[in-house]
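Report on the structure given below.
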Amino acid sequence: MSSPLPIASSRPPPAVNLQALRASCSACSMHQLCLPMGLDQGDMQRLEQVISRRRRVKRDETLYRFNDGFDMLYAIRLGHFKTFQRNASGGEQITGFQMAGELLGMDAIGAGHHLCDAVALEDSEVCEIPFSRLEDLFGEMPTLLRQFHRMMSLEISREQRVMLTLGSMSAQQKMAAFLLNLSSRYLSRGYSSTRFQLRMTREEIGNYLGLAVESVSRLLSALKKTGVIEVSHRDIELLDLPALRAIALGNDPCA
């Protein structure tokens, strides 16, 4: 089994000065996925001046809570997060897992306050983007506005796919689709699409997919037994992507 992916295992860098911060967008390995994508050097510098600071968020630390007032978007630079809402009994209902290159906080744009909690799954780092200053740039930088609309569209599409996954798939399909989703997201970030670490617990995966933790463990063991994956604790290797895709589509080749 290979070592964990750099994106998941790298520790946040030491504090930076203002000059280093303003060079961060162009130097960041995630800038082709984040807001700076498609900007020329001049527009990149204008955006960098809006980003107020990098913020380190330790494992299990809350970035924002339900009903917190909205003034910032957060671009994930390093690490992983989960977002969740509280159900009627006060328990967590996980609504998503986010990773580097994605924006947190867009749920609050319409309401003016956050509609969920966001918590770091590991030591992470975000870039804070004051939304009022970002809005000022939208009128002057059409490329930035288009990129923001693109990111919002991707987020909406991702939520729709989750609703489909939870509403119409079997437990086995859900697990296969979940692993394939992580695979494609890591691939788009330049990391291995077949070897990675799960930064969430089995309990959290079950919560997200609507499965008991025992079912999550059983499904992973079944996929391992049939040679589709290799799993050791949180280390995952996808050995047979075509078979995993077939399972997600309801065409289990081993059935």
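Descriptive notes on the structure:
- Radius 12 Å from Cβ of Phe178, net charge of other residues (Lys, Arg +1; Asp, Glu -1): +3
- For the range 144-156, putting each phi into the Karplus relation 6.51 cos²θ - 1.76 cosθ + 1.60 with θ = phi - 60° gives couplings of 5, 5, 4, 5, 5, 4, 4, 5, 5, 5, 4, 5, 5 Hz, in residue order, rounded to whole numbers and with x for Gly and Pro.
- For Arg146 and Asp60, the difference between the fully extended length at 0.36 nm per residue and the C-alpha to C-alpha distance is 27.6 nm.
- Spin-label pair Asp235/Phe138, simplified geometry with 7 Å Cα→Cβ offset, distance in nm: 4.6
- Under 30 Å from the Cα of Lys224 - lysines, other chains or at least 8 residues apart: Lys82, Lys174
Throughout, read-outs are computed from the coordinates displayed, never taken from laboratory work. The structure presented is a predicted model; accordingly, all values stated were derived computationally and were not measured. Positions of Cβ are backbone-derived with ideal geometry, glycine not excepted, and every protein chain shown enters the neighbour counts.
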